[in-house]
Structures are given as C-alpha cells and as structure tokens.
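Taking it in order: structure first as structure tokens, then the write-up.
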Amino acid sequence: MIRINENYRKLQSSYLFSEIAKRVAAFQEANPDMDIIKLGIGDVTRPLPEACIQAFHAGVDELAAGPSFKGYGPEQGYPFLRETIAAHDFQARNADIDPGEIFVSDGSKCDTANIQELFATDIKVAIPDPVYPVYLDTNVMAGRTGVYKDGRYGGVVYMPSMADNGFLPAFPEEPVDLIYLCFPNNPTGATIGRDALSQWVAFARDNKALILFDAAYESFIRDDALPHSIYEIEGAKEVAVEFRSFSKTAGFTGTRCAYTVVPKVCRAYDSDGAAHDLNALWNRRHTTKFNGVSYPVQKAAAAVYSPEGQAQTKALVDYYLKNAALIRERITNLGYDHIGGENSPYIWVNTGGRNAWDFFDLLLHQAGVVCTPGPGFGRCGEGYVRISAFNDHDKVEAAMDRIGKAIG
Ligand code: PLP
C-alpha cells in the first residue's frame, strides 16, 4: 500500500494566502466596480532591465545556431556567471568567496527549502517568528518539528522578533543546531548591523551550529553601515550558508535565477563528531537533483553586473524604495508605529491594538487595499500587517490616499 509522508498532515500555513484570496474575492463580488489595489504579495511589477533583456535575446540566438548551441550546462552554473558573482557580490566587499563556492539555481525558495535535507532529522532548528514560511514548512515536511498546537510546533525553537528587541530574533535559550536568519527581513523589513550579525556568527561558532542566511533582499540595502553579506563578518565562512536571488534585484521572479553560497570551509558533523565538508555535500545534492538554469537566463543574470545592468537594476530597486518611502511617510503621518521600508521593500505596520485580520478587513472594506496580516508569518505577527512596496508608483500613491481617508 502506498502511504503518504504523514508529516505533510502537520502543515498549517497555506491558510494565509487562501484566506486572503477568499476575503478579497468576496469583497470584489459585493463591489464589482471597486478597483482593488494589492500591496500584499511580494511580487515585482516592473519589466526586466534592458541590459538583461538584450543578453537574454542574445543567449536565445546562440541556441538557434549550430556552432553556439548548448545542451546541458554545468549543474552549478556557467563559470562566466559564478566568476562574476564572486567578484562583484563578495570579493569587491572584502568577502573572500571564490566561484567554486557559488551554486546557481532557479530560486532562493527552492534553495532555502532544499538545504535542510543535508542535515539529520533530529537536529534542533531555530526559526524566527514572524518568518518567511518556507523555512518552517520544509522542516515540518522533513519531520523535524513535532506536532502543531496553539500556534506553535512543539519541536521548533522559535526566536521572537518583536519591537522590544528591534525586530532582531531573540537568541535561543537552549542549544540549537540550525539557525535561519533573513536580512533585510521578510516580513518585517528589519535590517541587521555588523555587531548584531557578529554575535550570531560567534553564537554559531560556539555551538557548532550552522546559520542559513537569506539575503534575497540584499539589493535594497542603501545604508553603508549595514553588511550586505554575512561573509563580511570574520569567521562566518565556517558556519554560514548564504542565499541570494535575482528575483527582487532585477525583476527575475518569473525568469528564475538565484544562487547559494556554500564556502569550502563550512562544516557540519556526523554522529561521531567528525566534520564534513558542506560544499561537497551540497554539490552532491545539487548535481543529483538539479540540472542547471537555462543558458539565456544565466546570460541575463550576468548582465546585471555590466555597467548598464548595474545602473538599471539600481534604478529598478530605487523605484520600489521610492514606493516604500511614500508608504512610510503616509503611515507615519497617520500615527501608526512601523518598521522597515528604508533598506527593504516591506513595511511592518503596528495595527494600534487592533486584531491583524480586523485591520486587514478594515483596509480592504474601507480603502479597497490588500495587505498581508502578520499572523500569517507566525504568532508574533499578531497586531501587525505587512505592506509591500512592490507595485506601480501611481497605484501605491492611490492606495495610500485611500488608506489615509479610511483610517486618518
Ligand atoms: N527568500 C525570501 C525571504 C523571500 O521573501 C523570497 C520571495 O518572496 C524568496 C526567498 C524566494 O526567492 P526566489 O524568487 O529566488 O525563489
């Protein structure tokens, strides 16, 4: 008899976006003329930068001619892209990462989801609350979390990220083995400074733990004091894996390209305490289960690093940051506490004592604007909603005008 993986029955969180969709559909049906503005889901709206489009086209043309045709490429990514990434994103910031430590993939969602399979099922996992749900759900699927009760999985060590600690995850009070961090953060928009990140690196080194550092929103960092990579912190290479994505940097959410950095000195241990090379393990996994990102997409990703690509992607991210600044300004004027939106596309708004779903309904019904209720990202998200800057500027302006009228 074919049997299911029973861990899947413990999953909870698909509730969030289906519940949002249900409420939006019901409102739209009752108000067919209302032009609902979505500031909920974190998808980009602007077209790909011209430099990427040109490289994409040129890549397709190469596949159209016999001499330049390409079949399977290296699973880890073409050297031209891995070398460019290592030079621009790391070596230029004094982070000593070489191309052999870069694994190109079709998304940080898959990479942050898949990496956990390198580790034992009985390790302790520390997960921020609120959190990008992929980290939690993939550990549920793998059977690491125990059962769900009163909004929490019994086997997970939650790290509350609340106003009283500047929305930085609280250090675990018990030993943990695998630590998920995400900065700039989804959903809170919080960032982490060098000192705080150094403390996490020290914590991981002291505990022989591993940090999974999700930097999918790195390109939104404009404050020079903030680290762009965990490898800017001394000692991080032995204890951290980093995830980057072209999705939000260059509008690749539909095109799909990302990469994961696994340093060659990064270690995990077997049950006898012997150290193992994580770069080799991830390489084994990647080459067995993944067959590479398409050549034209990798050409388009490499174009991000050309002088034109750098200017165009900066302009693209600046466009969303301008939206974020407008949202922040209007939310401030309305007297609501918030964080994020300065080095991040997300603004995490304190609902002023209202239940998050009630506040969601208020914005939907009174303003026709969709946001994301905080509890969808974890128990500590109660009392907050996430407003996303990913939309066209005129729509964001219209949405904030309407919100102002509704709750001002
Ligand atoms: N990591 C975080 C924190 C995200 O918010 C997202 C997407 O919203 C991803 C990863 C996924 O990125 P990708 O499009 O590369 O799969």
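The values are calculated or read from the model by the stated rules, or taken from the named source; none is laboratory data. What you see is a predicted model, and the numbers here were worked out from it, not measured in a lab. All Cβ positions, even for glycine, are placed from backbone atoms using ideal geometry, and neighbour counts span all protein chains on display. Note: accessible area is taken over every heavy atom of the protein model, side chains too, but ligands, DNA and RNA are not part of it. Shrake-Rupley method; radii C 1.70, N 1.55, O 1.52, S 1.80 Å.
The orientation-averaged projection of the convex hull spanning the C-alpha atoms of the chain amounts to 22.5 square nanometres.
Direction-averaged shadow area of the convex hull around the Cα atoms of the stretch 14-98, nm²?
Average of the hull's projected areas for the stretch 14-98 equals 10.8 nm².
Anything over 27 Å Cα to Cα? Flag those among 22/395; 124/237; 22/322, in the order listed. Table pairs above 27 Å Cα-Cα are 22/322.
Modelled spin-label separation between residue 366 and residue 28, with each label point placed 7 Å from Cα along the Cα-to-Cβ direction: 2.4 nm. Remark on residue 338: its backbone amide H falls under 5 Å from those of 350, a criterion applied only to residues 5 or more positions apart or on other chains, H modelled at 1.01 Å from N. Here the accessible area is traced with a 1.4 Å probe on the protein chains. For the chain, carbon and sulfur cover 51 percent of it.
Please return the longest stretch of the chain lacking exposed loop sites, where chymotrypsin sites (Phe, Trp or Tyr not before Pro) count only if DSSP places them in a loop and at most 10 other Cβ atoms lie within 10 Å. That gives 73-408 as the longest site-free run.
The residues of the chain expose on average 43 square angstrom of accessible surface per residue, using a 1.4 Å probe on protein heavy atoms.
Taking R0 as 22 Å, what FRET efficiency do you get between residue 355 and residue 6 from their Cβ-Cβ distance, rounded to the nearest 0.05?
Plugging the Cβ-Cβ distance into 1/(1 + (r/R0)^6) gives 0.10.
Relative contact order, whole percent, for the chain stands at 23, derived from Cα pairs under 8 Å and 6 or more residues apart.
Summing Cβ point charges (Lys, Arg +1; Asp, Glu -1) relative to the Cα centre of the chain gives a dipole of roughly 700 debye. Between residue 272 and residue 171, the FRET efficiency estimated from the beta carbon spacing at R0 = 22 angstrom works out to 0.20.
Considering helices alone, the calculated mean residue ellipticity of the chain at 222 nm is -10500 deg cm²/dmol, with DSSP H runs of length four and up weighted by -39500 (n - 2.57) and normalised per residue. With Cα atoms defining each centre, the stretch 309-336 and the stretch 234-259 are spaced 21 Å apart in the structure. With the simple model of a label 7 Å out from the Cα in the direction of the Cβ, residue 291 to residue 379 spans 4.5 nm.
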